[in-house]
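Below: the structure, in structure tokens.
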Amino acid sequence: MNELVKKVYITAEERNRIETERLYNKCIKSGIILEKNCLEDYDAISFASKFIHNEIIKNEENKKYISKEAWEDVKVFYRAYMSNPDGFLYVEMDDIVPDFNTAANLIREAGGLVFIPHIFEYRENSIKILKYILENYKIDGIECYYTTFSEKQTNEVVKICKERNLYMSGGSDYHGKNKPNVDVGIGRGNLKIDDDIIKDWEGKIKLFKS
């Protein structure tokens, strides 16, 4: 998988730097106040969202540009503004990352299945994105159980999977110290994922043992 990824992706550092510069320019064009030399301190290891969000909240005047929720939470800032095609801070990266089919083929070539992850993290655009993918691309399943999903949201994607004969998966989105409030397997403490959901697809993937 690592060798295949190298063929279609630029390095994470390159991607971070490009995205950060583009987001910086979007902010300046929109009137958001940022220090002129802040990019000089960027190390290309941090995500663009985290770095620029930290710069934005240094100036109280910038509160008029983004919601209170996005001001207080970089994740909300990313989902609501940077990854929202209708948002004024949307960062176009299609020329940098591979298209859907290229990424999907890479996954399958490595012996995996293509799942749509945490779809409701995309907020008001969630269903629109999911509908577009379902109508235009071949996928194997959907992540139905996720740390931030409500019971209603989970039921909605479970219903879609059953109707379309798609596999179901779940995950806590544990990222170690980057997400200190999310624990392995249980997310924020109340995530429950039934083991039975993997029975339909566990035999469809290649398992590699060291």
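The values are calculated or read from the model by the stated rules, or taken from the named source; none is laboratory data. Just so it is clear, the model here is predicted, and its values are computed rather than measured. Methodologically, a virtual Cβ is constructed for each residue, glycine included, from the backbone with ideal geometry; neighbour enumeration extends over all protein chains shown.
Structure notes:
- Flag for Tyr145 being of a type in the set (Ser, Thr, Tyr) and surrounded by fewer than 18 Cβ atoms within 10 Å (Cβ to Cβ): no
Per-residue answers, yes or no, for (1) among the aromatic types (Phe, Trp, Tyr); (2) assigned to a helix (DSSP H, G or I); (3) modelled with pLDDT under 90:
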{"position": "Glu124", "(1), (2), (3)": "no, yes, yes"}
{"position": "Lys131", "(1), (2), (3)": "no, yes, no"}
{"position": "Glu135", "(1), (2), (3)": "no, yes, no"}
{"position": "Tyr145", "(1), (2), (3)": "yes, no, no"}
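- For region 39-79, taking the residues that are out of contact with any Lys or Arg (no Cβ under 6 Å at 6 or more places or on another chain), among the aliphatic types (A, V, I, L, M) and surrounded by 15 or more Cβ atoms within 10 Å (Cβ to Cβ), the one that is nearest to Glu124 (Cα to Cα) is identified as Val76.
- Evaluation of Ile56 against (1) over 18 Å from the mean Cα position of the chain (by Cα); (2) in the same structural domain as Pro180 (by TED's automatic domain parsing) (one fails), failing number: (2)
- Given (1) more than 15 Å from the chain's Cα centre (by Cα); (2) assigned to a loop (DSSP other than H, G, I, E, B); (3) touching a residue at least 12 places away in the same chain (Cβ under 8 Å); (4) more than 22 Å from Thr148 (Cα to Cα), number of the condition Leu39 does not satisfy: (2)
- Neighbours by Cβ (under 8 Å, 6+ apart or cross-chain): first from region 46-65, of a type in the set (Gly, Ala, Ser); second not in a helix (DSSP H, G or I): Ala48/Val91
- Pair list, Cβ < 7 Å and 6+ apart or interchain, from region 1-27 residues that are surrounded by 12 or more Cβ atoms within 10 Å (Cβ to Cβ) to residues that are aromatic (Phe, Trp, Tyr) and assigned to a helix (DSSP H, G or I): Thr20/Phe51
- Among (1) closer than 21 Å to Ile129 by Cα; (2) assigned to a helix (DSSP H, G or I); (3) touching a helix residue (DSSP H, G or I) at 6+ places or on another chain (Cβ under 8 Å); (4) among the β-branched types (Val, Ile, Thr) - the single one Thr20 does not satisfy: (1)
- Scanning region 88-112 for residues that are buried (at least 18 other Cβ atoms within 10 Å of the Cβ) and in contact with a helix residue (DSSP H, G or I) (Cβ under 8 Å, 6 or more places away or on another chain) yields Leu89, Val91, Leu106.
- Tyr167 meets the conditions (1) modelled with pLDDT of 95 or more; (2) farther than 28 Å from Pro85 by Cβ; (3) of a type in the set (Phe, Trp, Tyr) in every case but one. The failed one is (2).
- Residues satisfying the stated conditions in region 50-73, i.e. part of a helix (DSSP H, G or I) and under 14 Å from Leu23 (Cβ atoms): Lys50, Phe51, Ile52, His53, Asn54, Glu55, Ile56, Asn62, Ala70
Each row is one residue, and each column tells you yes or no for (1) assigned to a helix (DSSP H, G or I); (2) without any contact (Cβ under 8 Å) to a residue 40 or more places away in the chain; (3) assigned by TED's automatic domain parsing to the domain that holds Lys138.
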| position | (1), (2), (3) |
| --- | --- |
| Lys152 | yes, yes, yes |
| Glu156 | yes, yes, yes |
| Lys159 | yes, yes, yes |
| Asp173 | no, no, yes |
| Gly185 | no, yes, yes |
| Leu191 | no, no, yes |
| Asp200 | no, yes, yes |
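- Asp195 vs. criteria farther than 26 Å from Lys131 by Cβ, loosely packed, with under 12 Cβ neighbours inside 10 Å and among the acidic types (Asp, Glu): yes
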